[in-house]
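The values are calculated or read from the model by the stated rules, or taken from the named source; none is laboratory data. The model shown is predicted, which means the values in this text are computed figures rather than measured ones. Here the Cβ positions follow ideal geometry from the backbone for every residue, glycine too, while neighbour counts run over all protein chains shown. Just so you know, the surface numbers come from the protein's heavy atoms only, side chains and all, with ligands and any DNA or RNA stripped out. Shrake-Rupley method; radii C 1.70, N 1.55, O 1.52, S 1.80 Å.
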Amino acid sequence: MNAYNELMGKNIEIEISGGNFHSGTLVDSGLDILVLYVGRSQRFLYIPVVHIQRVKEAKQDQNSIVYEPPSEKPIEPDSLSISFRGILTNARGRFVEVYVTGNKSIHGYLTSIMNNHFVFYSPVFKTVFISMDHVKWLIPYPDHSSPYSINNQTLPAAPASIPLARSFEDQCKKLENQLVVIDGGDSSEKIGLLQKVSNNQLTLITAESDIVYRNLEHVKTIHFA
């Protein structure tokens, strides 16, 4: 039995890794994912359970505004029980927001789902490889939405010059000897020449010619500079 079943349909508060908080109505749950409807913004948040620190029922007062969730969710599972991988698969081709780290999300399209990462096309960052282990939440936009109000969007695919790999480590290996940006470049030590990927470790040469060794387990996203 799912541990969150007793909270279904109730207003809850969720604390997520990194000091992030969300509140809304719990509308679905699986073994590894929750679906939260945030009525104020009319958005559905798909939140992997692995990053949930705390969940509790939200206290309501008589002046609280109650938002009734729509009868249909933007991403429906193929089976009776939802899963994180299933949601990612069903989100392919949709315009979505993905949050992994820092103070900003990435907006764009899921194009390919691999073993432990997925390929994401952003109109701003172009092709980004995102580790599934670090996704804090995913928010699908309505079907008629387009990124940044750009008209005539067509679903892009990963450029042919970037061969895809099943694992995140092997994907990073295919970027060796390229200028890359890690985790959105939130530090100068995360931008540089990817010299080598070996034994779950990245070797990066920065603009200052410093050699930085980074544990791949903590790399959330990577894309061409």
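Some notes on this structure:
- Residues in region 87-95 include at least one that is within 30 Å of residue 174 (Cβ to Cβ) and surrounded by fewer than 15 Cβ atoms within 10 Å (Cβ to Cβ).
- Qualifying residue in region 49-70 (condition: among the aromatic types (Phe, Trp, Tyr) and either more than 23 Å from residue 166 (Cβ to Cβ) or touching a Gly at 6+ places or on another chain (Cβ under 7 Å) (or both)): yes
- Candidates in region 174-191 are the residues that are open to solvent by 70 Å² or more (accessible area, probe 1.4 Å) and assigned to a loop (DSSP other than H, G, I, E, B); of these, the one that is modelled with the lowest pLDDT is 186.
- Looking across region 101-114, the residues that are under 24 Å from residue 29 (Cβ atoms) and either at pLDDT 95 or above or in contact with a Leu (Cβ under 8 Å, 6 or more places away or on another chain) (or both) come down to 110, 113.
- Test: residue in region 41-58 that is touching a residue at least 40 places away in the same chain (Cβ under 8 Å), farther than 28 Å from residue 148 by Cβ, open to solvent by 40 Å² or more (accessible area, probe 1.4 Å) and polar (S, T, N, Q): no
- Sub-7 Å Cβ pairs linking a first residue in region 160-182 that is farther than 11 Å from residue 216 by Cα and of a type in the set (A, V, I, L, M, F, W, C) to a second residue that is open to solvent by 50 Å² or more (accessible area, probe 1.4 Å) and part of a helix (DSSP H, G or I), at least 6 apart or interchain, number zero.
A quick yes/no check of all residues on (1) outside any loop (DSSP other than H, G, I, E, B); (2) open to solvent by 30 Å² or more (accessible area, probe 1.4 Å):
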| site | (1), (2) |
| --- | --- |
| 172 | yes, no |
| 193 | yes, yes |
| 196 | yes, yes |
| 202 | yes, no |
| 208 | no, yes |
| 212 | yes, no |
| 217 | yes, yes |
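- Single residue of region 85-119 satisfying the filter (touching a residue at least 60 places away in the same chain (Cβ under 8 Å) and not hydroxyl-bearing (Ser, Thr, Tyr)) that is farthest from residue 47 (Cα to Cα): 93
- Restricting region 177-225 to residues that are acidic (Asp, Glu) and within 23 Å of the chain's Cα centre (by Cα), the residue that is farthest from residue 129 (Cα to Cα): 189
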